[in-house]
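The values are calculated or read from the model by the stated rules, or taken from the named source; none is laboratory data. What you are looking at is a predicted structure, and each value in this text was computed from that prediction instead of being measured. Here the Cβ is made from the backbone with ideal geometry for all residues, glycine too, and neighbour counts use every protein chain on show. When the accessible area is computed, the model is the full protein with side chains, heavy atoms only, and any ligands, DNA or RNA have been set aside. Shrake-Rupley method; radii C 1.70, N 1.55, O 1.52, S 1.80 Å.
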Amino acid sequence: MKKCFLGIDIGSISTKGVIIDEDNNILYSDYLWTEGNPIEAVKRLLANLKKDFDEQKYKVVAVGTTGSARRLIGTILHASIIKNEITAHAIGTTSLYPKIRTILEIGGQDSKIILIEDGIVVDYAMNTLCAAGTGSFLSSQAKRLNVKVEDFGDIALQSKNPTKIAARCTVFAESDLVHKAQMGYKKEDIIAGLCKSVALNYLNNVGKGKNIKPPIIFQGGVSKNKGVKKAFEDLLGCEVIAPKEGHLMGALGVAILAKNSNKEIDFDFNVTDINFETRGVECHKCPNNCEIICVMQNKKLLDAWGNRCEAGSVK
Amino acid sequence: MNEITIGIPRALLYYKYHVLWENFFQELGINLIISPKTNKEIIEKGSSYVVDEACLSLKIFMGHVAYLQDKCDYLFIPRFACLKEKEKLCTNFLALYDLVHNSFPHLKLLNFNVDKEKKEEQIDGLLEIATSLGFSYLHALRAIEKAKDKEEEYYQKKENNLKNKLLNQDLKIMVVAHPYNLYDEFIGKPIINYLEKENIKVITSDIKQKKINTKGISDTLYWTYNKELISFINTYKDQVDGIILISTFPCGPDSLANELIIRKVKNIPISYIVVDNNSSDTGLITRLESFIDIIKLKGGKLNA
């Protein structure tokens, strides 16, 4: 029986999973919406992966989790490693594209740039805690314009004359956008303008002062938007690759990290039959009043976190 | 003389001058009450006393004042305008006395002005307060001298500590922020604690520097405290593996100075963390964890 490794990336919007063999080849993968319930999403993901999984040939010996629900899911699945999504992405991308020099990434809540030389990360930047200019900015503007955010890219490509829009701050951008729409600018020009401003804002913000060299990969949810990809190409004056499997890079990276952790912990797909519950409890032991999250497995406490100090420790 | 109690808010410039202030008042035999470490209640109270646009650090300060209001006879709120000629401090330090006076009109405040351009020094202010409280000038002068010695000793120890840490072979990350942000329970403390838990030597920017060197970053910047931070970076950046800048939203001087640092300091990973009154630290942990990973990857050390 051959060893294989499961990586799961549980983001705020989507949940991704891959199973790799010992040579980092992706054997199975799946992708679905988190819908605000990471535990259910992972159960569905595992059920889908199990359908195709060849239990005679392979055995999952280690699990890695990443994404914003990494800790919750990592606890439930007894993960060998729990890693943040940025590191996971960097490792996933460089494993598939070893020659890459620059990774541009725009996700739902954050954006970052990673510069690589000879497969080694040499520089990196990330947006501050403000989510301006990220995927959530585009979604909220799409709602305002009554356009599906998935259609943004195609509409933007129709524009010949993108409207100038200030995208530094979502609040200002919104008033700029309303103003331009009322002035009579075409919808496709406004959308192309938004895409351009996201790219420009990114380069002026996380990308400022960075030596951006090709080959360049553009990943994260916003990379599916052709309008932003084209804006990056126009602004940088070179080709930008938006790989098809761009959304799987985090899951792939954390699967590789699970493999490299050398911590083999048996994994059983039947974990989907177990009942998991989470419960938020207020501590009340000091003025901080921390909210503590308790994870219960079949009514038994599995783990708890969220306390700032020892007074609130449950375990 | 009756026993009096003086309250000092554990916020803003307390973190810069606490050794001097505490020793001075204690030397005079005055009861001191320092507000406790920042907690959620203090932040919430503080936020209700200032306009929304004020920075988190100021909101926290007002929360500490609110905590102390019924626990002392006097509140110690000096006004800091200028420490060096042709240089400035954030206007919050200038406005502090008036802000507190207007929001808490019933409180008795101990105040003096520090303004180099008007030749008003902190030492003179402290002496003035002591004599106005009925202490003899000589007594006060002796207290000042003792407090200054203690402060000198404190910062010398800090510098020695820092130099020892720099000799260490572990990963070293410089955390650069105003001391009131660096050590606040809700701003810098969680960041420092996290780094230390990860076995990283944390090099904090709060030492006293004899010479300020902002070369290569800015010749014209006039914010005294930010110049100190830039000088610290210039002096030690070659001996650390990464730099974390912390600021509170929406700090004016930091927004300019940190921008300059990010643009001009090359060849070292920098992470800029702006803290606001966020109740969840998920975004913070993601940033710190990935920043450490990137530094380890750079040195080829990431094997986990």
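Three principal axis extents describe the C-alpha atoms of the stretch A:184-250; from largest down they are 40, 28, 19 Å. Using a cutoff of 8 angstrom between alpha carbon atoms and counting only pairs six or more residues apart, the relative contact order for the stretch B:204-304 works out to 25 percent.
Pairing chains A and B buries close to 2500 square angstrom of accessible surface in total, based on protein heavy atoms and a 1.4 angstrom probe. Which of A:GLY67, A:GLY36, A:GLY246 moves the most in a Gaussian network model of chain A with Cα springs under 10 Å? Checking each option, the largest mean-square fluctuation is seen for A:GLY36.
By how many nm would the segment from A:LYS186 to A:TYR31 grow when fully extended, if each residue of separation counts as 0.36 nm and the alpha-carbon distance is taken off? Before the final figure, lay out the partial values.
On the way: separation 155, 0.36 × 155 = 55.80 nm, distance 3.49 nm.
Taking A:LYS186 through A:TYR31 to full extension adds about 52.3 nm, to one decimal.
With N counted as the residues of chain A, its alpha-carbon radius of gyration over 2.2 N^0.38 Å works out to 1.09.
Mind pulling the per residue volume of the convex hull built on the Cα atoms of the stretch A:156-285? Å³ is fine. Spell out each step's value before the answer.
On the way: hull volume 35.4 nm³, N = 130.
Cα-based convex hull of the stretch A:156-285, divided per residue, equals 272 Å³.
The mean number of partner chain beta-carbon atoms within 10 angstrom of a residue's beta-carbon across peptide A:75-85 is 2.
With contacts taken as Cα pairs under 8 Å and at least 6 residues apart, chain A reaches a relative contact order of 21 percent.
The convex hull built on the alpha-carbon positions of the stretch B:108-230 has an orientation-averaged projected area of 10.7 nm².
Would chain B count as rounded, prolate or oblate if I go by the C-alpha gyration tensor, calling it rounded below 1.5 in a/c and otherwise prolate when a/b exceeds b/c, oblate otherwise? Provide the component values of the computation, followed by the final result.
Numbers: a/c = 1.85, a/b = 1.58, b/c = 1.17.
Prolate.
Using the Karplus relation 6.51 cos²θ - 1.76 cosθ + 1.60 with θ = phi - 60°, the per-residue 3J(HN,Hα) values for the stretch B:56-65 come to 4, 4, 6, 4, 4, 4, 5, x, 5, 4 Hz, with x marking Gly and Pro.
When a/c is below 1.5 the answer is rounded, else prolate if a/b is larger than b/c, else oblate, so apply that to the stretch A:70-139 with a ≥ b ≥ c taken from the square roots of the Cα gyration tensor eigenvalues.
Working: a/c = 2.27, a/b = 1.06, b/c = 2.14.
It is oblate, given that a/c is not under 1.5 and a/b is not larger than b/c.
Once you divide the Cα radius of gyration of the stretch B:168-298 by 2.2 N^0.38 Å, the number left is 1.00. Over chain B, what is the mean sequence separation of C-alpha contacts under 8 Å (at least six apart), divided by residue count, expressed as relative contact order in percent? Reported as a whole number, the value is 17 percent.
For A:ASN275 and B:ASN161, what does the FRET efficiency come to when R0 = 56 Å and r is the distance between their Cβ atoms, rounded to the nearest 0.05? Write out the running numbers ahead of the final one.
On the way: r = 51 Å, r/R0 = 0.92.
Approximately 0.65, to the nearest 0.05.
Express the carbon and sulfur contribution to the solvent-accessible surface of the stretch A:99-240 as a percent, rounded to the nearest whole number, probe 1.4 angstrom. Roughly 51 percent of what the probe reaches on the stretch A:99-240 is carbon or sulfur.
Take the alpha carbon atoms of the stretch A:43-187, find their radius of gyration, then divide it by 2.2 N^0.38 Å using N residues; give the quotient. The partial results should precede the final answer.
Working: Rg = 20.3 Å, N = 145, 2.2 N^0.38 = 14.6 Å.
Here the Cα radius of gyration is 1.39 times the empirical estimate.
Note on chain A: GNM, Cα springs under 10 Å; of A:ASN24, A:ASN37, A:ASN48, the largest mean-square fluctuation is that of A:ASN37. Computing FRET efficiency as 1/(1 + (r/R0)^6) for A:LYS263 and B:LEU256, where r is the C-beta to C-beta distance and R0 is 45 Å, gives about 0.45.
Working note: Karplus 6.51/-1.76/1.60 with θ = phi - 60° gives the stretch B:173-182 the couplings 10, 8, 10, 10, 6, 4, x, 5, 8, 3 Hz, where Gly and Pro are set to x.
Within the listed set B:LEU110, B:LEU96, B:LEU138, the Gaussian network model of chain B (springs between alpha-carbon atoms below 10 Å) gives the highest mean-square fluctuation for B:LEU138.
To the nearest 0.05, what FRET efficiency results for B:ALA95 and B:ILE212 with a Förster distance of 30 Å applied to their C-beta separation? Present the calculation step by step, with values, prior to reporting the outcome.
Details: r = 25 Å, r/R0 = 0.83.
The value I calculate is 0.75.
Neighbouring Cβ atoms from other chains, within 10 Å of the Cβ of residues in B:282-295, number 6 on average. For the stretch A:27-123, with equal point scatterers placed on the C-alpha atoms only and solvent neglected, what are the log10 I(q)/I(0) values from the Debye formula at q = 0.14, 0.15 1/Å, to two decimals? With no solvent term, the Cα-only Debye profile gives -0.68, -0.77.
Computed from backbone phi with θ = phi - 60° and the Karplus coefficients 6.51, -1.76 and 1.60, the 3J(HN,Hα) list for the stretch B:89-98 is 10, 4, 5, 4, 5, 6, 8, 3, 4, 5 Hz; x is used for glycine and proline. Using every pair of separate Cα atoms, the Kirkwood estimate puts the hydrodynamic radius of the protein assembly as shown at 26.9 angstrom. Shape of the stretch B:5-148 from the C-alpha gyration tensor: oblate (a/c of 1.5 or more and a/b not above b/c, with a ≥ b ≥ c the square roots of its eigenvalues).
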